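Below is one structure, written out as structure tokens; comments come after it.
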Amino acid sequence: MTAKSAAPNADGGRRGSARHGVALMTVLGVAAILAGCDRSVESAPAGSAAPRPAAAQSTQDAAAYDISRVDAVKDDFPEGFTAQAHPAKTLGQQDIAGSGVVAFTDAQFDPPQCRSVVIPPYVDPTVGTEAAGVIGQGDQGNMYVVAMRSPKPVATADDPVGCDRISLSGSPQATGTVERIPAPAIPGVSTTGVKLTVADPEEDPDYLYTAALNDRTSIVVMGSADQQLDPQRLMSDLLVKAVAAVRGQ
């Protein structure tokens with residue numbers, strides 16, 4: 001699950017970190033989201049001033065957020081990181097099926113009711129989800145920022161109890177321990193934060209933050225970085241900045 005790059009002279013460790021980075025992205029199926037993104041999201045038509053049904057209103061609200069603006073955070077990665085923005089694309093079934101997310105959707109969660117703590121429903125992509133993102137890579141780590149717009153409204157799930165510490169088992173890519181961590185408080189936004197740790201003591205933990213701007217627009221920040229960079233604070237700050245960017249602030 002770990003996306004951290006090792007020191008430049010530890011080449012084998014860097015290859016191992018890249019492998020774990022792909023596994024981390026597949027927690028949410030975003031390996032496909034950021035791979036080969038070359039289509040721009042289309043603007044929604046202007047809405048009528050007349051009253052609109054709830055579903056249409058939700059669509060209008062979602063269109064008010066521009067997920068392509070998430071690329072504004074590419075300048076917020078630490079020195080030494082190379083950030084690459086990926087324009088929005090619409091996911092098809094082939095994208096999701098080929099992302100490797102099945103390793104996590106089929107994983108065993110203990111306690112079982114805690115799956116939504118690791119993968120909140122609003123960041124679990126479906127066919128028709130639009131996504132754009134930024135990948136930041138360097139010798140001190142790899143981090144990913146993804147903004148998504150769901151084709152249908154997705155409600156935030158009730159916060160399950162007994163999920164401060166969760167065991168994840170299944171394939172080698174989906175085995176480890178997850179614990180809750182504080183998520184940044186953003187007015188009008190639901191946020192979550194978790195720390196993922198694998199058994200290998202040489203691997204740094206991964207951090208995963210999510211934000212639901214409304215019932216169709218969400219943001220994920222995830223990855224791992226050298227402890228000297230204070231990755232928990234770093235990725236928490238990236239979430240705040242990504243939310244502001246998508247909001248046009």
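The values are calculated or read from the model by the stated rules, or taken from the named source; none is laboratory data. In this text the structure is predicted, and so the values were computed from the model without any measurement. Cβ sites come from the backbone with ideal geometry, for glycine too, and all protein chains shown count toward neighbours.
Which one is farthest from the chain's Cα centre (by Cα), of the residues in region 190-211 that are among the aliphatic types (A, V, I, L, M) and buried (at least 20 other Cβ atoms within 10 Å of the Cβ)? Lay out the reasoning, then the answer.
Within region 190-211, the first condition is being among the aliphatic types (A, V, I, L, M), and the residues that meet it are 194, 196, 198-199, 208, 211.
Restricting the remaining residues to those that are buried (at least 20 other Cβ atoms within 10 Å of the Cβ) gives 194, 196, 198, 208, 211.
Details: 194: 11, 196: 13, 198: 19, 208: 7, 211: 9 Å.
Checked region 190-211; the qualifying residue farthest from the chain's Cα centre (by Cα) is 198.
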Check: Is region 210-224 home to any residue that is touching a Pro at 6+ places or on another chain (Cβ under 7 Å), in a strand (DSSP E or B) and more than 17 Å from residue 146 (Cβ to Cβ)?
Finding: no
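Yes or no: region 231-245 includes at least one residue that is surrounded by 14 or more Cβ atoms within 10 Å (Cβ to Cβ), in contact with a helix residue (DSSP H, G or I) (Cβ under 9 Å, 6 or more places away or on another chain), without any contact (Cβ under 8 Å) to a residue 40 or more places away in the chain and not in a loop (DSSP other than H, G, I, E, B). Break it down stepwise before answering.
Going residue by residue through region 231-245, those that are surrounded by 14 or more Cβ atoms within 10 Å (Cβ to Cβ) are 231-232, 234-245.
Subsequent filtering for residues that are in contact with a helix residue (DSSP H, G or I) (Cβ under 9 Å, 6 or more places away or on another chain) retains 238, 241-242, 244-245.
With without any contact (Cβ under 8 Å) to a residue 40 or more places away in the chain added as a condition, the list becomes 244.
The next check asks that each one be not in a loop (DSSP other than H, G, I, E, B); those that pass are 244.
Checked region 231-245: at least one residue is surrounded by 14 or more Cβ atoms within 10 Å (Cβ to Cβ), in contact with a helix residue (DSSP H, G or I) (Cβ under 9 Å, 6 or more places away or on another chain), without any contact (Cβ under 8 Å) to a residue 40 or more places away in the chain and not in a loop (DSSP other than H, G, I, E, B).
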Next item on the list: Please specify each residue of region 179-209 satisfying the condition of being in a loop (DSSP other than H, G, I, E, B) and at pLDDT below 90.
Entry: 198, 199, 200, 201, 202, 203, 204, 205
Note to self: Among the residues of region 211-230, what is the count of those that are farther than 17 Å from residue 77 by Cα, among the small types (Gly, Ala, Ser) and in contact (Cβ under 8 Å) with a residue 40 or more places away in the chain?
What the structure shows: 2
Check: For region 93-104, does any single residue satisfy the condition of being more than 19 Å from residue 219 (Cα to Cα) and at pLDDT 85 or above?
Finding: no
Next item on the list: Residues being under 13 Å from residue 91 (Cβ atoms), in contact with a Pro (Cβ under 8 Å, 6 or more places away or on another chain) and in a loop (DSSP other than H, G, I, E, B): count how many of those fall in region 114-148.
Entry: 4
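Given 220, 198, which one is among the hydrophobic types (A, V, I, L, M, F, W, C) and more than 19 Å from residue 137 (Cβ to Cβ)?
Working: 220 fails: more than 19 Å from residue 137 (Cβ to Cβ).
Only one candidate passes the filter, namely 198.
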